[in-house]
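**Student:** Just passing along the structure, written as structure tokens.
Bear in mind that the values in this text are calculations on the coordinates, not laboratory data. All values derive from a computational prediction rather than experimental measurement. Quick reminder, even Gly has a Cβ in these numbers, built from the backbone with ideal geometry, and neighbours come from all protein chains shown.
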Amino acid sequence: MAQKNDNRILIHACCGICSGYPIALLKELGYNPIVYFCNPNLDSKEEFERRLEAQKVVCLYHWVDLIVEEYKHADFLSVANGLENEPERGIRCLKCIDLRLKQAANKALELGIPRYTTSLVISPHKDFDKITELGQANAGELEYVPINFKKKDGFLKTNKLSKELGIYRQNYCGCEFSKHN
């Protein structure tokens, strides 16, 4: 169980690029971030590994712990079933985000971490309000911390850091359906 002054926060990370600035900001705000790499949506084990390697570099740079969830693409395919032809940012994407936030909330609860958030909101292609709604809906007894990492040039800062670190920079969200949009 979390102690009264427990400042730990589990941050779901979709990739190294998106998590670079959020980790720094969380530390600046007084949190002790623990990165949770959970991405069953990625279209292949190879893509999962490439993004994981980038995430490891970012975590080492920030000196934060990294928890890696096993790659289980079938979990994503089960929530995307029947939604394959939905447009990007549509219902399929919301189901995917919901899946990963559920997993993050469960992991935080399992580890006794009192709060969680996600780096997904840093993307200019993601809807902060919808993701916040999903994060809060999955929180249960946890606190979902809604920080709009896009603000104050967050997306620019996270991209700058990823370039400095020389990490893998993907050009699609992750699933096989997003490659075609």
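**Student:** Which of the trypsin sites (Lys or Arg not before Pro) found in segment 96-171 are in a DSSP loop and have at most 14 neighbouring Cβ atoms, other than their own, within 10 Å?
**Tutor:** Within segment 96-171, the qualifying trypsin sites (Lys or Arg not before Pro) (loop, at most 14 other Cβ atoms within 10 Å) are Lys151, Lys152, Arg169.
**Student:** Could I ask something else about it? Going by average Cβ neighbours within 10 Å, how do the peptides 32-45, 49-62, 70-83 rank, with the highest at the top?
**Tutor:** Packing order, densest peptide first, comes out as 32-45, 49-62, 70-83.
**Student:** I've got another one for you. How much length is gained on full extension from Glu53 to Glu164, taking 0.36 nm per residue of separation minus their Cα-Cα distance?
**Tutor:** 38.4 nm is the gain from fully extending Glu53 to Glu164.
**Student:** What distance in nm lies between label points placed 7 Å from Cα along the C-beta direction at Glu70 and His125?
**Tutor:** Those two pseudo-labels are separated by 2.9 nm.
**Student:** Would you mind checking Lys95/Lys152; Lys27/Lys179; Lys72/Lys151; Lys45/Lys152; Lys102/Lys179 for any pair whose Cα atoms are more than 30 angstrom apart?
**Tutor:** Exceeds cut-off: Lys27/Lys179; Lys72/Lys151; Lys45/Lys152.
**Student:** For semi-axes √(5λ) of the Cα gyration tensor in Å, which listed value, (i) 28, 19, 16; (ii) 49, 19, 15; (iii) 23, 19, 15, comes from the coordinates shown?
**Tutor:** Among (i) 28, 19, 16; (ii) 49, 19, 15; (iii) 23, 19, 15, the one calculated here is (iii).
**Student:** Right, something else. In segment 80-181, what chymotrypsin sites (Phe, Trp or Tyr not before Pro) fall in a loop by DSSP, with at most 13 other Cβ atoms inside 10 Å?
**Tutor:** Passing sites in segment 80-181 do not exist.
**Student:** For the pair Ser44 and Leu109, how long in nm is the line joining their label points, each one 7 Å along Cα→Cβ?
**Tutor:** Each label point lies 7 Å from its Cα, and together they span 3.6 nm.
**Student:** Near the amide H of Arg8, under 5 Å away, which other amide H atoms are found, from residues 5 or more places off or on another chain, if H is placed in the peptide plane?
**Tutor:** Under 5 Å from the amide H of Arg8: Asn32.
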